[in-house]
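FYI, it's all coordinate maths here, none of it is from the lab. None of these values were measured; they are calculated from a predicted model. Backbone-built Cβ (ideal geometry, glycine too); neighbour counts: all protein chains shown.
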Amino acid sequence: MSLIVIKIAADEPSDNVRIDSVLNSALRDFDYRVISSLDETDPAEIRGQRLLFALPLGKYGLNSAYFRLLYTLRTRQGLLEGCTSAILIDGDSELYTKSTGTELAFALNSAGSALIGRPLAEGTGSLHNFRIQAKLIGVDCRGAYLAAVRDLADRLQKDRLQKYEKPQLLALHASSHRTSNTLQLWEQISERLGGSFEIKEIGLRNGTISDCSGCPYTMCIHFGEKGRCFYGGLMQEEIWPAVLKANALVMLCPNYNDALSANLTAFINRLTGLFRQKRFYDKALFSIIVSGYSGGDIIARQVISALNMNKSFYLPPHFALLETANDPGEALRIPGIDEKLDNFAENIRRTLVQTA
């Protein structure tokens, strides 16, 4: 399958130079075509296609054409239904590439696109972010940058999420069943999924999981290769095996001060040991996010950054159900909530269940 590269023009022509050179070098063996804007694009032209968004940011992390792209994605509902995307961002400073990447990933996903695991290749101004990869493969930082973009394009072209007769879901939370709006929404989703799935739910409350303590890289590798963590406990004994068994992870995330809860953050950090031995490209990621006031998009972007961009989980289209509710039970009284729950459950089913 050929790729479509959506090349966003820089405000300053000089900011195009490196990203154009990288694309020309890294994609020389790929079948692809370039378009410069989605503004006038017929959805039928890109439906079901593999899209690589290439964005130069310049020194200050700003690009007026990028803001027009965000406007298009947010206002043309369903523009990218059936598409699968990845992102290349090239900056001229050490800042803004990752934060812009997560913002763009959330916008693409909300417009209907899936994203492959680890969908972002980013070049900071110095390319110092590639120093470890360069050392591992025996090239300079630019060579590692080119290798990362080639790998990104190759995975974008080839990766497909497998479907199953009876998929296995792992739902993780750190909330109280009695008071949590997030858990109440999940219970409704779980009921709608019925017997089509094998569902496991794990609660991470009351000190059941400690955070990563920052072991040396070689120690983490040593224990990870043996399927263990130096600190053991629930993470190694129950959660890692459940992650390995699952076909999809459902993160149940109330908004705590515009951040993931401490226990869910600890889970993500401790997952690094397992990630040393196993990538998660073949596992889908969903989330239910409830905010008391606002900021659900902030949490969604944190989940994308940590688990899709970092830990390589596949991001299905419309991966997150985002609602606002404060008092216990309020989420179930949101106008139209039953239809939203029906649609979210159907999205999970459509993503994972093998049809005859």
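Below, the figures for the structure above:
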item	result
Amide proton proximity set for Ala171, modelled H, under 5 Å, gap of 5+	Lys200, Glu201, Ile202, Val250
Mean Cβ count within 10 Å, highest first, over the residues of peptides 65-78, 178-191	178-191, 65-78
Net charge of neighbours whose Cβ lies under 14 Å from the Cβ of Arg118, counting Lys and Arg as +1 and Asp and Glu as -1	+3
Cα-centred dipole magnitude for the chain, charges only on beta-carbon of K, R (+1) and D, E (-1), debye, nearest 20	1040
Full-extension gain in nm, Asn347 to Lys200, via 0.36 nm per residue minus C-alpha separation	51.1 nm
Over 13 Å [Cα-Cα, region 158-206], rounded percent	64
D (Stokes-Einstein, µm²/s), Kirkwood Cα radius, region 5-78, 0.890 mPa s at 25 °C	183
Amide H contacts under 5 Å for Gly58, placed H, 5+ residues apart	Asp92
Computed E for Glu330/Arg279 - FRET, C-beta separation, R0 30 angstrom, nearest 0.05	0.20
Residue among Gly194, Gly143, Phe53 farthest towards the positive dipole end of the chain, charges placed on Cβ	Gly143
Extension gain from His128 to Glu12, taking 0.36 nm per residue of separation minus the Cα-Cα distance	39.5 nm
Reachable aspartates and glutamates from Lys166, criterion Cα separation under 12 angstrom, eight or more residues apart if same chain	Glu198
Ser25-Gln354 pseudo-label distance in nm [points 7 Å out on the Cα-to-Cβ vector]	4.3
CD proxy at 222 nm, helix term only [per DSSP H run n ≥ 4: -39500 (n - 2.57); per residue of the chain; nearest 500]	-10500 deg cm²/dmol
Separation of alpha-carbon centers, region 317-356 and region 65-96, rounded to whole Å	24
Descending Cα extents along the principal axes, region 18-147, whole Å	43, 32, 23
Correct option for semi-axes √(5λ) of the Cα gyration tensor in Å [calculated from the coordinates] among (i) 33, 25, 19; (ii) 36, 20, 19; (iii) 38, 21, 19	(i)
Unsatisfied cross-links (Cα-Cα over 30 Å) in the set Lys158/Lys278; Lys7/Lys278; Lys7/Lys245; Lys200/Lys311; Lys7/Lys59	Lys7/Lys278; Lys7/Lys245
